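Report on the structure given below.
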Amino acid sequence: MSNSSDRVLYDLKDGVARLTIHRPEKLNALDRETVQALGRHLERAGGDAAVGVVIVTGAGDKAFVAGADIGELAAQTPVEGASYARAGQEVFTRLERLGKPSIAAINGYALGGGLELALACTLRVAAEGARLGLPETGLAIIPGYGGTQRLGRLVGRGKALEMILTGEPIDATEAHRIGLVNRVVPAHDLLSSAESLARTLLGRGPVALRCAMQAILDGLDTPLQQGLGLEATLFGLTCATEDMREGTRAFLDKRKPVYKGR
Ligand code: COA
């Protein structure tokens, strides 16, 4: 059985940090130690200037993450339940607000907390055959790691209500059709596709990516006029960066820009 230190594997290569949820004997179910380990690795990735993009995936070929650990759920009191939900939400929000794009590479079941983890990522690539769902109501609980909030914002109220109330998982093709995942690829191409998407993002201005993510995420929760104000402010901020000078100069010089993230 895994211990806390290896529940999430961390691998950094060429600007891409890969975080692998590693509890394959339990289909990578998220117990508290795994969530804490994820939080620590995210802190590390967020603070490391060498990391431009984060990929999150699951160990093995069967599951991304099959949910929160049901054994732990079964034993918790209401007070513990609320506090664990908050702790998980904080870690997932750290991922969403890392200031660097993240890509969920969904290699099989993404259920409950697994789908909620994928929802906190910036983008999602799914393997053909992956199954995604929020089955919690079947256990007489509701999603507690952001699912009731992020799913509707991504796919709309109707689909979110359907998926959460029925608890029935959908396949990768349907997830793509409703905008829940950005791409569906053959299972053996999953990581290379996620890495190729990561390389595309690494070629863009990092401050611009951060500002674009902030404008989109904050803008969705504000009235249009306020969102447009935020956009104008962040646009102005990107105009003050060295990277903006480099990007525009490189275009005029007909060469590839080299960005420094400042
Ligand atoms: N929490 C704890 N353990 C889990 C788990 C979870 N969310 N999901 C799977 N596991 C464990 C199983 O108990 C089993 O452990 P065991 O070998 O010690 O008995 C192991 O992982 C393999 O799972 P198993 O159910 O045997 O695989 P399967 O291929 O028959 O079914 C699933 C796969 C994903 C359909 C099934 O495991 C499942 O329904 N999991 C729960 C999904 C869920 O409700 N998640 C939301 C939780 S809030």
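The values are calculated or read from the model by the stated rules, or taken from the named source; none is laboratory data. Note that the coordinates shown come from a computational prediction; the quantities given were computed from them, not determined experimentally. With ideal geometry, Cβ positions are generated from the backbone for all residues, glycine too; neighbour counts draw on all protein chains shown. Accessible surface is based on the protein model in full, side chains and every heavy atom, while ligands, DNA and RNA are left aside. Shrake-Rupley method; radii C 1.70, N 1.55, O 1.52, S 1.80 Å.
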Whole-Hz ³J(HN,Hα) for each residue in segment 139-151, computed from phi via Karplus 6.51 cos²θ - 1.76 cosθ + 1.60 with θ = phi - 60°, x for glycine and proline: what do you get? 9, 6, 10, 10, x, x, 10, x, x, 5, 9, 7, 5
Probe 1.4 Å, all protein chains in place: accessible area of LYS260 in Å², nearest 10? 130 Å²
Gaussian network model of the chain, Cα springs within a sub-10 Å range: biggest mean-square fluctuation belongs to which of GLY81, GLY52, GLY236? GLY236
With an 8 Å Cα cut-off and a minimum separation of 6 or more residues, compute the relative contact order for the chain in percent. 15 percent
Straight-line reach check, LYS260, cutoff 27 Å on alpha carbons, 8 or more apart in-chain or any other chain, hits among lysines -> LYS13, LYS100
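Please compute the net charge surrounding LEU132, taking Lys and Arg as +1 and Asp and Glu as -1 over other residues with Cβ under 11 Å from its Cβ. Intermediate results must be reported in sequence, preceding the final value.
On the way: positive: ARG124, ARG131; negative: GLU116, GLU168, ASP171, GLU174.
With Lys, Arg at +1 and Asp, Glu at -1, the net is -2.
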Between the helical axis of 32-47 and the dominant principal axis of the chain, each derived from Cα atoms, what acute angle in degrees is found, rounded to the nearest 10? 0 degrees
With each label point set 7 Å from Cα along the Cα-Cβ vector, what nm distance links ALA240 and LEU161? 4.5 nm
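Determine the per residue accessible area of the chain with all protein chains present and a 1.4 angstrom probe, expressed in square angstrom. Can you show the working numbers first?
On the way: 13480 Å² over 262 residues.
Counting only protein heavy atoms, the per-residue value for the chain is 51 Å².
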SASA check, LEU123, accessible area w/ 1.4 Å probe, all protein chains in place, rounded to nearest 10 Å², comes out at 40 Å²
Please list CYS211, CYS239 in order of solvent-accessible area, largest first, computed with a 1.4 Å probe with all protein chains present. CYS239, CYS211
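Can you tell me how much longer the chain between GLU168 and SER196 gets when fully stretched, taken as 0.36 nm per residue apart minus their C-alpha distance, in nm with one decimal?
Result: 7.0 nm gained on full extension.
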Within segment 1-128: Cβ-based charge dipole about Cα centre, in debye rounded to nearest 20 (Lys, Arg +1; Asp, Glu -1): 240 debye
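Below 13 angstrom from the Cβ of ASP218, what's the summed charge of the other residues (Lys, Arg +1; Asp, Glu -1)?
Details: positive: ARG97, ARG153, ARG210; negative: GLU96, ASP221, GLU231.
Overall, the nearby charge balance is 0.
Over segment 126-226, what is the relative contact order in percent, taking alpha-carbon pairs closer than 8 angstrom and at least six residues apart? Please report the intermediate quantities before stating the final value.
Details: 86 pairs, mean separation 32.1, N = 101.
In percent, rounded to a whole number, it is 32.
Per DSSP helix of 4 or more residues, -39500 (n - 2.57); summed, then divided by the residues of the chain. What does that give at 222 nm, rounded to the nearest 500?
Details: 11 runs with 130 residues, N = 262.
After summing the helix terms and dividing by the residues of the chain, the value is -15500 deg cm²/dmol.
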Rounded accessible area of ILE141 (nearest 10 Å², 1.4 Å probe): 70 Å²
Given an 8 Å cut-off on Cα distances and at least 6 residues of separation, report the relative contact order of segment 1-78 as a percent. 36 percent
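Taking the Cα centre of the chain as origin, work out the dipole magnitude from +1 charges on Lys and Arg Cβ and -1 charges on Asp and Glu Cβ, in debye rounded to 20. Could the numbers behind the result be given before it?
Values: 31 positive and 30 negative charges, 188 e Å.
Computed about the Cα centre, the dipole is about 900 debye.
Could you tell me whether the chain comes out rounded, prolate or oblate from its Cα gyration tensor? Rule is a ≥ b ≥ c as square roots of the eigenvalues, rounded for a/c under 1.5, then prolate if a/b exceeds b/c, otherwise oblate.
On the way: a/c = 1.76, a/b = 1.53, b/c = 1.15.
Prolate.
Working with all protein chains in place, sort LYS159, LYS256 by solvent-accessible area computed with a 1.4 Å probe, largest first. Before the final figure, lay out the partial values.
Numbers: LYS159 55, LYS256 170 Å².
The residues order as LYS256, LYS159, largest area first.
Largest first, what is the accessible-area ranking of MET244, MET163, MET213 with a 1.4 Å probe? Don't skip to the end; give the middle numbers.
Numbers: MET244 60, MET163 5, MET213 30 Å².
These residues rank, largest area first, as MET244, MET213, MET163.
Need one word for segment 1-94: rounded, prolate or oblate. Basis is the Cα gyration tensor (sqrt eigenvalues a ≥ b ≥ c); a/c below 1.5 gives rounded, then a/b vs b/c decides.
Working: a/c = 2.54, a/b = 1.47, b/c = 1.72.
Cα axes put segment 1-94 in the oblate bin.
Let me make sure I get this right: for segment 110-180, a, b and c are the square roots of the gyration tensor eigenvalues over alpha carbons, sorted descending. Under 1.5 in a/c it's rounded, otherwise prolate if a/b > b/c, else oblate. Which is it? Provide the component values of the computation, followed by the final result.
On the way: a/c = 1.42, a/b = 1.32, b/c = 1.07.
Rounded.
May I ask you to derive the FRET efficiency for THR77 and ASP189 from their Cβ-Cβ distance with R0 = 51 Å, giving the value to the nearest 0.05? Write down the numbers at each step before the final one.
On the way: r = 44 Å, r/R0 = 0.87.
E(calc), rounded to 0.05, equals 0.70.
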Residue span GLN226 to LEU252: 0.36 nm per residue of separation minus Cα-Cα distance leaves a gain in nm of 6.0 nm
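Where the only charges are on Cβ atoms (+1 Lys, Arg; -1 Asp, Glu), what is the dipole of segment 143-262 about its Cα centre, to the nearest 20 debye? If you can, show how the numbers build up before the last one.
Numbers: 16 positive and 13 negative charges, 106 e Å.
So the dipole magnitude of segment 143-262 works out to roughly 500 debye.
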